[in-house]
1. Within the range 217-242, count every residue that is surrounded by fewer than 18 Cβ atoms within 10 Å (Cβ to Cβ) and either modelled with pLDDT of 95 or more or over 27 Å from residue 5 (Cβ atoms) (or both).
2. Restricting attention to the range 212-234, report how many residues are in contact (Cβ under 8 Å) with a residue 60 or more places away in the chain and in contact with a helix residue (DSSP H, G or I) (Cβ under 6 Å, 6 or more places away or on another chain).
3. For the range 56-83, how many residues are within 16 Å of the ligand (Cβ to nearest atom), under 18 Å from the mean Cα position of the chain (by Cα) and either assigned to a loop (DSSP other than H, G, I, E, B) or at pLDDT below 95 (or both)?
4. Filter the range 1-51 down to residues that are without any contact (Cβ under 8 Å) to a residue 24 or more places away in the chain and at positive phi, then give me how many there are.
5. Evaluate the following for residue 176: is it under 15 Å from residue 220 (Cβ atoms) and in contact with a helix residue (DSSP H, G or I) (Cβ under 8 Å, 6 or more places away or on another chain)?
6. Provide a single number: the residues in the range 235-246 that are over 18 Å from the mean Cα position of the chain (by Cα) and either farther than 22 Å from residue 57 by Cβ or in contact (Cβ under 8 Å) with a residue 60 or more places away in the chain (or both).
7. Only one residue in 30, 57 is surrounded by 18 or more Cβ atoms within 10 Å (Cβ to Cβ), among the polar types (S, T, N, Q) and in contact with a strand residue (DSSP E or B) (Cβ under 8 Å, 6 or more places away or on another chain). Which one?
8. For the range 84-131, list the strands (runs of 3 or more DSSP E) that sit wholly inside it and hold at least 2 residues that are within 22 Å of residue 168 (Cβ to Cβ); which are they?
Amino acid sequence: MMEQEIKPLAADAPNVLEVSHISKSFGAVTALVDVSLKVKRGEVLALVGDNGAGKSTLIKILSGFHQPDTGKILSNGEETRFASPRDARARGIETVYQDLALIGDLSIYHNMFLGREQRKRFLGLNLLDNKKMRTLSRTYLDTLGIHIPDVNNTVDLLSGGQRQCVAVARSIYSSPSILILDEPLAALGVRESAHVLGLIQNLRRQREVSVIMIVHNYNQIFEVCDRINFLHAGEIVLDASTSETTEEELIRVVKSGLGKNAISAAASAAEGRATLPHH
Ligand SMILES: Nc1ncnc2c1ncn2[C@@H]1O[C@H](COP(=O)(O)OP(=O)(O)OP(=O)(O)O)[C@@H](O)[C@H]1O
């Protein structure tokens, strides 16, 4: 794929997903407190925060796995409720969890079509159309700029980065409006991460799908994300555009003390360049 400039998001890009004032507790444990978040069409949003900050709970709510105790979810401007992951998927939200849900000893192209195999009739029999799945997989991976030499190989033979890319490609094959990635770069080395970052960058260039991804490495966030939401103790304490802030500033904000007020103060001190969420 040709390298192109990353176009800034259109100022009038609509919000494809909006959650407002969401809270969630598990018994006595409060996982999320009054969380509001927005994602525009084509935007790549990073979700960061320490262990236990509530990142997984938030993406599980967005993908229909958990229901919030309070608050609203708007999908394309319409209030909605995701009763199950299937329900969220039906409304265009695909999630790639860390286990990737690939079958190691199956071919790459079979994995690409897992659960929606292409079939053909032959002599009255209903057979898998392997040729078609192979060709479609090849074309699709190429379109996304994913370098996989042979789609006949089993997934076991792929590197971690390639596997992540195949899982992402499979999820976007159904043209979702939102792709949620749960730590897509976890446990990947620099070279391996480059595959995945390249893919996300390609998605960002095309601006057809919005991406919400949990990331830990700030450097990678600034490479491929448009905006960052920082979660601390169940609250979004910072919402900043990556073009208007820097990695150093972000680190300063995060280290400046994890109390919400401390972060607000640090963000204001950064010449108002980081915007804070409204509560
Ligand atoms: N199913 C559950 N039952 C009880 N408590 C839970 C459940 N899921 C999450 N929690 C609690 O909610 C809080 C937020 O957890 P969550 O997993 O969302 O954080 P996280 O930011 O994803 O952390 P990590 O980076 O460690 O995955 C934690 O205190 C956690 O123990």
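1. The qualifying residues number 1.
2. Residues that pass the stated criteria total 6.
3. Looking only at that region, the number is 4.
4. Count: 1.
5. So residue 176 fails the test.
6. Total meeting the criteria: 5.
7. Residue meeting the stated conditions: 57.
8. The strands (runs of 3 or more DSSP E) meeting that bar are 93-96.
The values are calculated or read from the model by the stated rules, or taken from the named source; none is laboratory data. These numbers come from a predicted model, not from an experiment. For neighbour counting, all protein chains shown are included, and Cβ atoms are generated from backbone atoms with ideal geometry for every residue, glycine included.
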